[in-house]
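Written out below as C-alpha cells is the structure these notes cover.
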Amino acid sequence: MGKFVIVGGNRITGEARVGGAKNSVLPIMAATVLNGKINVLHDIPHLSDVEIMTKILKSIGCEVTREGTTIVVDSTGLSGCEIPESLVREMRSSFIFLGAMLSRCGKVVISYPGGCEIGPRPIDLHLRSLREMGAIIEEKHGFLYCEAKELKGTEIQLDFPSVGATENIMLAAVFAKGTTVIRNAAREPEIIDLENFINAMGGKISGAGSATICIEGVETLNEVEHKIIPDRIVAGTFLAAAAITKGNIILTNIIPEHLQSILYKLKECGCHVVCKNNTVKLQAPEKLVAIDSIKTLPYPGFPTDMQSQMMALMTISDGISVFIETIFENRFKHAEELMRMGANIKVDGRVAIVKGVKKLSGAMVNAKDLRGGAALILAGLAAEGKTIVENAKHVERGYDHLEEVLKSLGANIQYL
Ligand code: EPZ
C-alpha cells in the first residue's frame, strides 16, 4: 500500500520543474486510438493512472512503448472493443475511451465507471450527448454496450460544463458526419490541449477554452507528435508546499495563465508571487493570512483539485476560512484526517469552516483520495514531529515521485 513518513519543520526552498498534466495525458492517450497510426507523446509523467491507460491500450491491440517521459502509441493494430472491467474500476477516467472507440470502430463495451472516493460521479451527460449523436447505448449488468453505425454532427447543450463529457463528445465527433457544436462546454486548459492534439492529427476543432466548441467531421487522421501541457495542479501543490512551510520556491515549465485563480488565492493568504515567462516564484509569509472564502468552480474559477491543498494551508492561518465545494459531493474527507493533526475544521455538507490553529502536530493519517492525500503531506511538512500518511497509492495516481521532488526542496520525507 505504501506510506509517506514526514518529519515537519523544514522550509521548502529551491527550484523544481513541473511535468506534463495528468488530466491532459489521460484523454490524449485515449485519443491515440483515433488515427490508427503512430502517436508520439512527450513530457508524460510517471503515474499509476498512465500505467492503467497503457494497459488498456495494449488490451485492445495497440502497441505502447515508453522511453523516459516519451510514450509512443501505435494504434494501427487496434482489434478489440471491450475495455477490461478491472481497469475501468481501477480508474474511472478510463471512461474517456467511450467517445474515442465509438469514433474508431463504431463499437465499445465498457463497464459502468461507478463512483469514486470524492462522489458518485454520474455519466448521464456523456450518455445523453452520445445518444444525441446517434449512438445506441444499452446499459445492462453493469456494462454499457455501445454501437454507432454512423455518428452524426449535432448541437449539444451540456447542463453542466463537465470536463469528461466535453472530452467524450469531442472524441466522438472527430469522424462524425457534419458539424458538432458543444454549448456550455468545459473550458479547462486540458480541453485546449486535447483540441490541439486532435488538430495536429488533422482534425478540425475550434473554440476549446471557450464555452462553445465546434468539431467538423473529417475522413482520416495522420501521425502526430505532441508535448503535453504542464500540470497546473501539481504546480499549485508545490507552491502550497512552500507557502505552508514559510519557504520560497521557483517553478519552471508552467503556463501562468492556467494558474491565475490559484496564484490569486496564494497572494490573498500573504504569499509574494511573481510570474515571468514560464516560471513562477513564490515567497511565503511568516504567518499565513486567513482567506475569507474559497469556492470551487469550473475553470477559470478556483479548481476543486486544489481545494484540499488550500485547506491544509488554512489550518495554520491567522483566522477563519470558509470552503464551499460546488463540484463534488464528497470532497472533504481530508478534513477529519487534518483534525487528527490538531486542525480545527467544521464540515457541513459542501461547506467546511476552518479556524486557524497555532501549530499542527504530526500523526498517523489516511489518504482517502488523490488530492486529499497531497493535502495531508503538505500538513505533515508543517506539523511538529512525525506524520505518517497511509494509502500512498492514491497520491501516486497524480504525482510523479512527489517525495523525491519535496526531498530535493529540503523536506524530511521518506516513501516506505
Ligand atoms: C475531471 O473529472 C478531472 N479528471 C478531475 O480531476 C477534476 O476534478 C474534474 O474534471 C473537475 O475539474 C480528469 O480530467 C481525469 P466532471 P471529470 O465531469 O471529468 C458532474 C483529479 O484529482 N457530472 O467535470 O469526472 C459530476 O458529478 C481529478 O485530478 C454529472 O453530473 O469531472 C461532478 O459533480 C479528480 N454528470 C461534476 O459534474 C456527468 O455526466 C464535475 O464532473 C458528468 C459529470
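Total residues in segment 161-187 satisfying the condition of being assigned to a loop (DSSP other than H, G, I, E, B), over 19 Å from Arg92 (Cα atoms) and under 23 Å from the mean Cα position of the chain (by Cα): the figure is 3. Report yes if some residue within segment 271-291 is within 16 Å of the ligand (Cβ to nearest atom), open to solvent by less than 10 Å² (accessible area, probe 1.4 Å) and out of contact with any Leu (no Cβ under 7 Å at 6 or more places or on another chain); otherwise report no. There is no residue in segment 271-291 that is within 16 Å of the ligand (Cβ to nearest atom), open to solvent by less than 10 Å² (accessible area, probe 1.4 Å) and out of contact with any Leu (no Cβ under 7 Å at 6 or more places or on another chain). Take the conditions buried (at least 16 other Cβ atoms within 10 Å of the Cβ), under 22 Å from Pro189 (Cα atoms) and aliphatic (A, V, I, L, M) and apply them to Ala100. Does it pass? For Ala100, the condition - buried (at least 16 other Cβ atoms within 10 Å of the Cβ), under 22 Å from Pro189 (Cα atoms) and aliphatic (A, V, I, L, M) - is met. Against the numbered list (1) over 22 Å from Leu102 (Cβ atoms); (2) open to solvent by 20 Å² or more (accessible area, probe 1.4 Å), Pro45 comes up short only at (2).
Remark: pairs (first residue in segment 297-311, charged (D, E, K, R); second residue within 11 Å of the ligand (Cβ to nearest atom) and open to solvent by less than 20 Å² (accessible area, probe 1.4 Å); Cβ separation under 6 Å; 6+ apart in sequence or on different chains) = Asp305/Ile233; Asp305/Arg371. Across segment 119-142, the number of residues qualifying as closer than 16 Å to Thr180 by Cα and open to solvent by 60 Å² or more (accessible area, probe 1.4 Å) comes to 3.
In segment 244-256, the count of residues that are open to solvent by less than 30 Å² (accessible area, probe 1.4 Å), within 30 Å of Asp74 (Cβ to Cβ) and not basic (Lys, Arg) is one or more.
Looking at segment 398-416, which of the residues that are assigned to a loop (DSSP other than H, G, I, E, B) and surrounded by 17 or more Cβ atoms within 10 Å (Cβ to Cβ) is farthest from the ligand (Cβ to nearest atom)?
Filtering segment 398-416 down to residues assigned to a loop (DSSP other than H, G, I, E, B) leaves 398-401, 409-411, 416.
Those left that are additionally surrounded by 17 or more Cβ atoms within 10 Å (Cβ to Cβ): 398-400, 409-411.
Numbers: Gly398: 5, Tyr399: 10, Asp400: 13, Leu409: 22, Gly410: 26, Ala411: 22 Å.
Ranking the candidates gives Gly410 first.
Within segment 181-191, the presence of at least one residue that is small (Gly, Ala, Ser) and surrounded by fewer than 24 Cβ atoms within 10 Å (Cβ to Cβ) is confirmed.
Residue-wise test of (1) assigned to a loop (DSSP other than H, G, I, E, B); (2) over 26 Å from Ile205 (Cα atoms); (3) away from the ligand (no atom under 14 Å from the Cβ).
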{"position": "Val109", "(1), (2), (3)": "no, yes, yes"}
{"position": "Pro113", "(1), (2), (3)": "yes, yes, no"}
{"position": "Arg121", "(1), (2), (3)": "yes, yes, no"}
{"position": "Leu127", "(1), (2), (3)": "no, no, no"}
{"position": "Gly134", "(1), (2), (3)": "yes, no, yes"}
{"position": "Leu144", "(1), (2), (3)": "no, yes, no"}
{"position": "Lys149", "(1), (2), (3)": "yes, no, yes"}
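A single member of Ile192, Ile205 is out of contact with any Pro (no Cβ under 9 Å at 6 or more places or on another chain) and closer than 28 Å to Ala16 by Cβ, and it is Ile192. Here the condition is being under 21 Å from Ile229 (Cβ atoms), small (Gly, Ala, Ser) and out of contact with any Cys (no Cβ under 8 Å at 6 or more places or on another chain); of Ser93, Ser79, Ser86, Ser59, it holds for Ser93 alone. Set side by side, the residues Gly61, Gly80 differ, and just one is modelled with pLDDT under 95, over 19 Å from Lys393 (Cα atoms) and assigned to a loop (DSSP other than H, G, I, E, B), which is Gly80.
Among the strands (runs of 3 or more DSSP E) confined to segment 278-397, the ones with at least 1 residues that are among the charged types (D, E, K, R) and not assigned by TED's automatic domain parsing to the domain that holds Ser162 are located at 279-283, 293-295, 344-348, 351-355, 386-390.
Among the residues in segment 95-105, are any within 25 Å of Gly202 (Cβ to Cβ), part of a loop (DSSP other than H, G, I, E, B), in the same structural domain as Lys58 (by TED's automatic domain parsing) and more than 8 Å from the ligand (Cβ to nearest atom)? Within segment 95-105, not a single residue is within 25 Å of Gly202 (Cβ to Cβ), part of a loop (DSSP other than H, G, I, E, B), in the same structural domain as Lys58 (by TED's automatic domain parsing) and more than 8 Å from the ligand (Cβ to nearest atom). If we scan segment 223-246, do we find a residue that is touching a residue at least 24 places away in the same chain (Cβ under 8 Å), more than 21 Å from the chain's Cα centre (by Cα), assigned to a loop (DSSP other than H, G, I, E, B) and under 25 Å from Arg17 (Cα atoms)? Yes, segment 223-246 contains at least one residue that is touching a residue at least 24 places away in the same chain (Cβ under 8 Å), more than 21 Å from the chain's Cα centre (by Cα), assigned to a loop (DSSP other than H, G, I, E, B) and under 25 Å from Arg17 (Cα atoms). If the condition is being of a type in the set (Gly, Ala, Ser) and not assigned by TED's automatic domain parsing to the domain that holds Val280, then segment 216-253 contributes only Gly217. Scanning segment 315-344 for residues that are open to solvent by less than 70 Å² (accessible area, probe 1.4 Å) and either under 14 Å from Ile291 (Cα atoms) or in contact with a Phe, Trp or Tyr (Cβ under 8 Å, 6 or more places away or on another chain) (or both) returns Thr315, Ile316, Ser317, Gly319, Ser321, Val322, Phe323, Ile324, Glu325, Phe332.
Residue-wise test of (1) in a strand (DSSP E or B); (2) touching a Gly at 6+ places or on another chain (Cβ under 6 Å); (3) open to solvent by 10 Å² or more (accessible area, probe 1.4 Å); (4) not assigned by TED's automatic domain parsing to the domain that holds Ala375.
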| residue | (1), (2), (3), (4) |
| --- | --- |
| Arg11 | no, yes, yes, no |
| Leu26 | no, no, no, yes |
| Val40 | yes, no, yes, yes |
| Met53 | no, no, no, yes |
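The values are calculated or read from the model by the stated rules, or taken from the named source; none is laboratory data. As the structure is a prediction and not an experimental result, all values here were calculated from the model. In this analysis, Cβ positions are derived from the backbone assuming ideal geometry, glycine residues included, and neighbour counts consider all displayed protein chains. Each accessible area value is taken on the protein alone, full model and side chains, heavy atoms only, with ligands, DNA and RNA left out. Shrake-Rupley method; radii C 1.70, N 1.55, O 1.52, S 1.80 Å.
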